[in-house]
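Encoded as structure tokens, the structure appears first; notes follow it.
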Amino acid sequence: KTFAETLRTEYDAVTGKNLGALIEGDSTNLVLRSEQIGGASWFTGAISFDQNSIAAPDGTITATKFTNSSVVVEHYVDCQNVTITDGTFTSSVYVKKGNTDTFVLKVIHIGLNPVVSRAVYNFSTDTFSDLFGLIDFTKSTKLSNGWVRLQATYTLDATVTEHRMRLQSTMATDSLDQTVYAWGAQIEREPFMTSYIRRILLQLVVHMII
């Protein structure tokens, strides 16, 4: 697909006010199918999901609803493993409250010294707590329609061979039917979060006429 080389405009996430030209450096979203959370390229555990459930931050009906489905050690949905390591990364995702006050953003670090980093976000207080592991910095950006963009920045060394983002509605193991909405997952090899970069898989359908 060809994109027109036009100047991008930045808007205030709450008021919608035009802030002028959006100027930022190049970046790449390392998450496959960033808007198809729970589908192909994603791995789930004890959680059911309903894709295209509600309107996403961009207005399209593409956000995914997650529901804890059974009593196990952990309810989660993971993106695919990212093999680019040894550097500073920022994971981000748009989330919206369902029937629980918390959302857990985790990073699974695989390698010589495996680590699980996490940050627990509270929708009611708009704060992070229970920071653990390699996370250096967290930030939440509220939007006007109930969505919040969460980010976590972390630094990996050469002992980590792969890492991936993990999304959870709660830390509790016995919580059933708890729901949360998510959309627009992103991992960047940057010490900061850039504007959202959509990454989808396009299907090529070929019709053969015989």
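First check a/c for region 118-197, with a ≥ b ≥ c the square roots of the eigenvalues of its C-alpha gyration tensor; if it is under 1.5, answer rounded, and if not, answer prolate when a/b is larger than b/c or oblate otherwise. Here region 118-197 falls in the oblate category.
Add +1 for every Lys or Arg and -1 for every Asp or Glu among the other residues with Cβ under 13 Å from the Cβ of residue 60, and state the total. Net charge around residue 60: -1.
For the chain, what percent of Cα pairs sit more than 26 Å apart? Every Cα pair in the chain considered, those over 26 Å come to 35 percent. Inter-label distance, residue 116 to residue 51: 2.6 nm, where each label sits 7 Å from its Cα along the C-beta direction. The charge dipole of region 11-140, taken about its Cα centre with unit charges on the Cβ atoms of Lys, Arg (+1), Asp and Glu (-1) only, comes to about 240 debye. With the simple model of a label 7 Å out from the Cα in the direction of the Cβ, residue 197 to residue 177 spans 4.2 nm. The alpha-carbon of residue 142 sits under 25 angstrom from the alpha-carbons of these lysines, leaving out residues fewer than 8 places away in its chain: 17, 65, 96, 97, 106.
A simple spin-label model places the labels of residue 41 and residue 132 2.9 nm from each other, with each point 7 Å out along Cα-to-Cβ.
Since every read-out is calculated from the coordinates, none of them should be taken as a lab result. Note that the structure is predicted; figures quoted are calculated from it, not measured. Backbone-built Cβ (ideal geometry, glycine too); neighbour counts: all protein chains shown.
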